[in-house]
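Here the structure is laid out as structure tokens; the discussion comes afterwards.
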Amino acid sequence: MEEIFDENKQGEALVLEGKTANSRKLFIESYGCAMNFSDSEIVASILSKEGFNTTQHLEDADLVLVNTCSIRDKAEQTVRKRLEKYNAVKRINPGMKIGVLGCMAERLKTKFLEEEKMVDLVVGPDAYKDLPNLIAEVDEGHQAVNVILSKEETYGDISPVRLHSNGVTAFVSITRGCDNMCTFCVVPFTRGRERSRDPQSILEEINDLWDKGFKEVTLLGQNVDSYLWYGGGLKKDFNKASDLQKATATNFAQLLELCAKAQPKMRFRFSTSNPQDMTLDVVETMARFKNICNYIHLPVQSGSNRILKAMNRQHTREDYFELIDNIKRILPDCTISHDIITGFPTETEADHQDTLSLMDYVKYAFGYMFAYSERPGTMAERKLEDDIPEAVKKRRLQEVVDLQQKHSKYRTEQFLNKTVEVLIEKESKKSDMHWMGRNEQNTVVVFPKEHYNIGDFVNVRTTDCTSATLIGVAVGYSENN
Ligand code: SAH
Ligand code: F3S
């Protein structure tokens with residue numbers, strides 16, 4: 001993976017000649033959400049300054065880092081399986097060090113070292129700047145742990161090393177942590193309280209990406225609409241800020257506008273929006289700027305008011321419909337996607353039917369659907385019995401998935417026999433003769449390569465589709481090119 005080191009990074013490596021002389025190899029893997037993948041790029045950047053080059057071959061690694069996810073039990077089991085694999089390699093190559101990053105590190109802390117004897121290093125999501133010190137401790141033969149959560153954004157000044165990048169689309173984090181305390185969710189415990197990043201450093205990262213040829217940025221946060229910069233500090237402490245800080249604060253709609261204006265030819269997306277925090281000024285800002293994509297990921301979790309309350313979601317089914325109606329009024333061609341959980345404690349068949357009828361109302365373009373997985377330490381785990389049998393959770397999940405499939409097809413067909421603007425991202429997985437890209441609404445579009453290139457904006461005439469993919473032919477460069 002050496003090619004990820006662009007010219008700049010090689011420059012840096014030269015400056016650090018003393019260290020690169022005995023340069024070490026880092027193998028880093030990420031699981032879970034986009035924020036983890038983005039954080040791994042920050043980690044690679046921090047460690048490149050310590051003389052670590054990344055490798056794609058586990059067997060070659062001096063240091064193996066796994067950025068972990070705790071959101072569902074299955075996610076943790078996946079990581080445990082990977083650790084078995086690393087351990088097997090370490091038995092052959094005892095000099096290799098193994099480190100666990102991310103949410104499992106934060107959730108299990110030192111317990112991880114007891115449970116996984118081969119692990120040398122446990123580092124929570126806010127402690128990556130301490131990695132050089134922690135690795136030095138490990139080099140001296142100790143185990144090292146840092147799981148301290150922060151009150152500040154933490155990584156605003158680090159320019160991420162883009163791992164596995166297509167050179168066209170990138171993630172930029174704008175907030176960290178979450179204050180919402182949905183009763184099923186482990187994130188507030190593993191990623192701490194919500195804080196926002198200085199808009200100046202966000203704009204610098206975006207401008208830098210543009211200069212490097214990137215054409216699309218997704219602004220990332222657990223709850224982006226809650227973004228609030230008032231000079232640093234936790235969101236919950238905003239009321240203690242000075243009058244000047246309050247008067248000059250930047251909210252999410254304003255941040256979107258700053259980004260859209262800073263790079264008018266760059267596409268902007270954002271994820272994730274929590275319905276309770278999404279305000280109409282965000283939707284109106286989307287309407288004002290063509291380069292903010294008309295696509296919103298708006299997790300609902302359940303269509304039942306009783307379950308929404310038990311989940312501590314701060315909106316009702318009716319509030320959600322109102323928001324959807326407003327989005328459709330202001331942005332008629334906006335697509336919407338969701339997250340839904342089936343089998344939350346006490347969910348009845350009637351509650352489940354409420355979820356299906358909510359889906360029928362919205363007709364989402366796509367969604368991420370999960371069976372409820374009880375997470376240690378959450379409110380739901382402490383107060384509610386996980387009482388829905390696994391088979392019922394799975395059956396309800398299947399019904400939700402099947403309905404979504406139907407709606408996806410309906411939404412994709414709306415773009416059929418039309419001309420859509422596509423940003424080319426990479427070769428199609430199924431054919432090396434075709435490009436793959438997405439339209440503004442985030443629908444995947446596949447078409448013959450012809451003379452076009454990755455990073456081009458092209459107009460594609462669509463002629464066919466599956467439930468989630470449009471198939472067509474390019475008819476020329478778009479005016480955004
Ligand atoms: N704020 C983030 C939430 C990350 S978790 C976001 O909105 O994207 C992503 C999704 O995982 C949640 O929206 C929820 O649908 C699902 N999820 C979270 N905890 C879960 C649990 N305990 N069991 C099943 N699904 C869960
Ligand atoms: Fe989790 Fe709810 Fe926050 S799903 S990340 S607590 S918005």
Original post:
Mind checking whether some residue in the range 180-187 is more than 16 Å from ligand 1 (Cβ to nearest atom) and not β-branched (V, I, T)?
Top reply: no
Original post:
What are the residue pairs meeting all of these: first residue in the range 337-364, first residue part of a strand (DSSP E or B), second residue aromatic (F, W, Y) and within 16 Å of ligand 2 (Cβ to nearest atom), Cβ atoms under 6 Å, and 6 or more apart or on different chains?
Top reply: D339/Y368; I341/F370; I341/Y372
Original post:
Which of the residues belonging to the range 225-259 are in contact with a Pro (Cβ under 7 Å, 6 or more places away or on another chain) and not in a helix (DSSP H, G or I)?
Top reply: W229, T250
Original post:
If V217 satisfies every condition in (1) away from ligand 2 (no atom under 16 Å from the Cβ); (2) under 18 Å from the mean Cα position of the chain (by Cα); (3) in a loop (DSSP other than H, G, I, E, B) but one, which is the exception?
Top reply: (3)
Original post:
Is it true that some residue in the range 260-270 is within 15 Å of ligand 2 (Cβ to nearest atom) and touching a residue at least 12 places away in the same chain (Cβ under 8 Å)?
Top reply: yes
Original post:
V186: in contact with a Ser or Thr (Cβ under 7 Å, 6 or more places away or on another chain) and at pLDDT 95 or above, yes or no?
Top reply: yes
**OP:** Evaluate the range 391-413: report whether one residue or more is in contact with a Cys (Cβ under 7 Å, 6 or more places away or on another chain) and either at pLDDT 95 or above or away from ligand 1 (no atom under 16 Å from the Cβ) (or both).
**Re:** yes
**OP:** State yes or no: is L219 at pLDDT 90 or above, within 16 Å of ligand 1 (Cβ to nearest atom) and outside the structural domain of V43 (by TED's automatic domain parsing)?
**Re:** yes
**OP:** Could you figure out which of (1) in contact with a helix residue (DSSP H, G or I) (Cβ under 7 Å, 6 or more places away or on another chain); (2) assigned by TED's automatic domain parsing to the domain that holds Q77; (3) not in a loop (DSSP other than H, G, I, E, B) isn't true of P125?
**Re:** (3)
**OP:** Would you check which residues across the range 386-435 are of a type in the set (S, T, N, Q) and touching a Leu at 6+ places or on another chain (Cβ under 8 Å) and list them?
**Re:** T412
Subject >> Qualifying residue in the range 71-80 (condition: crowded, with 19+ Cβ neighbours inside 10 Å, within 16 Å of ligand 1 (Cβ to nearest atom), not assigned by TED's automatic domain parsing to the domain that holds D339 and not in a helix (DSSP H, G or I)) >> reply: yes
Subject >> Within the range 158-179, tally of residues that are assigned to a loop (DSSP other than H, G, I, E, B), within 16 Å of ligand 1 (Cβ to nearest atom) and of a type in the set (G, A, S) >> reply: 1
Original post:
Would you say I307 is part of a strand (DSSP E or B), within 15 Å of T183 (Cβ to Cβ) and touching a residue at least 24 places away in the same chain (Cβ under 8 Å)?
Top reply: no
Original post:
Just wondering, is there one or more residues in the range 18-30 that are part of a helix (DSSP H, G or I) and either modelled with pLDDT of 95 or more or not assigned by TED's automatic domain parsing to the domain that holds Y128 (or both)?
Top reply: no
**OP:** Can you work out which of the residues in the range 378-389 that are free of Cβ contacts under 8 Å to residues at least 24 places away in the same chain and surrounded by fewer than 16 Cβ atoms within 10 Å (Cβ to Cβ) is farthest from F457 (Cα to Cα)?
**Re:** R382
Original post:
Any idea which residue in the range 188-214 is farthest from ligand 1 (Cβ to nearest atom), counting only those that are among the aromatic types (F, W, Y) and not in a loop (DSSP other than H, G, I, E, B)?
Top reply: W210
Original post:
Of all residues in the range 232-241 being closer than 19 Å to D126 by Cβ and away from ligand 1 (no atom under 16 Å from the Cβ), which is farthest from the chain's Cα centre (by Cα)?
Top reply: D237
**OP:** Could you tell me whether Y368 is part of a strand (DSSP E or B), assigned by TED's automatic domain parsing to the domain that holds S337 and either surrounded by fewer than 13 Cβ atoms within 10 Å (Cβ to Cβ) or hydroxyl-bearing (S, T, Y) (or both)?
**Re:** yes
Subject >> Residue that is among the basic types (K, R) and surrounded by fewer than 14 Cβ atoms within 10 Å (Cβ to Cβ), where the choices are K90, K85 >> reply: K85
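The values are calculated or read from the model by the stated rules, or taken from the named source; none is laboratory data. Only a predicted model underlies this, so the values are computations on that prediction, with no experimental measurement involved. So basically every Cβ, Gly included, is an ideal-geometry build from the backbone, and we count neighbours across all protein chains shown.
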